Amino acid sequence: MSLPSPVVAHVSTMRLYLFIAGVFLTGCAAQSFAANTDRAATAVERREGVAIGGGDGSSFDKAIVVHAASSQQALLAGFEYIALRYGWFQIISGSTVRYNGKPYKVLTYQDHRARGDPKPKRVFYFDVSEYLPTYSVSPEYPREARDKGLTGKGMALAKVDPATGHVMSVSMVKSTGHDILDNAVLRAVRQWRFRPKGITTFEIPIQFTVKGVIY
């Protein structure tokens with residue numbers, strides 16, 4: 001299963017620039033944030049309502065961990081943290097990979113301030129294991145829908161009990177266009193389990209194609 005690509009968060013680039021500008025306007029020196037991990041983490045934690053831990057993001061073993069209510073909130077907070085602490089803004093690639101059985105987001109940044117080519121690059125690692133289910137059931141492609149050639153893509157939203165990690169409810173925030181496909185998604189996701197004391201909401205993009213189910 002794939003998480004929403006971090007590259008999609010380029011739509012939040014303007015928000016990041018405005019946030020950094022706000023830091024300047026409130027009298028906080030950018031260099032002091034970049035040089036002080038605790039101050040950068042504290043600023044983002046207060047703004048986004050998250051908790052930041054882990055290492056400096058330079059490797060799998062030193063991956064940054066952002067504890068948040070959802071994967072989207074964690075990613076945005078991670079982008080802001082990198083911007084404040086290191087002054088890196090421009091993401092040029094991103095992927096989800098597994099290392100020692102755990103999933104990580106690996107983001108490659110490019111220094112937009114540098115002149116000439118090639119521009120300096122830096123890779124940051126985020127531990128995203130708490131945002132993936134510990135147990136999941138793949139949505140079934142109903143035989144009736146397959147025989148009729150029904151396809152479509154949509155988005156499910158699961159609400160998770162943080163105490164147990166069990167899914168409390170699931171709804172389709174974007175329908176696949178066919179009730180039979182939507183119901184197949186809902187039946188499957190209701191059985192998912194997440195790590196306790198973790199996320200409270202989780203979005204699942206899903207697509208039914210002639211070749212199968214992608215999510």
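The values are calculated or read from the model by the stated rules, or taken from the named source; none is laboratory data. Computed from a prediction, not measured in an experiment: that's the story for all the values here. Neighbour counts are summed over all protein chains in view; Cβ atoms, including those assigned to glycine, are modelled from backbone coordinates with ideal geometry.
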Among strands (runs of 3 or more DSSP E) entirely inside segment 47-160, those with 3 or more residues being buried (at least 16 other Cβ atoms within 10 Å of the Cβ) and within 13 Å of the chain's Cα centre (by Cα) are 64-67, 102-110, 121-127
For Ile199, all conditions in the list (1) within 20 Å of His67 (Cα to Cα); (2) free of Cβ contacts under 8 Å to residues at least 24 places away in the same chain hold save one; what is the number of the exception?
-> (2)
Return the total of residues in segment 112-129 being modelled with pLDDT of 90 or more and among the acidic types (Asp, Glu).
-> 1
Quick count over segment 148-207, residues being in contact with a helix residue (DSSP H, G or I) (Cβ under 9 Å, 6 or more places away or on another chain) and on the phi > 0 side of the Ramachandran plot, is 2
Under 6 Å by Cβ, and 6 or more places apart or on different chains, what pairs join a residue from segment 62-91 that is under 20 Å from Phe194 (Cα atoms) with one that is surrounded by fewer than 17 Cβ atoms within 10 Å (Cβ to Cβ) and of a type in the set (Ser, Thr, Tyr)?
-> Ala69/Thr200; Ser70/Thr201
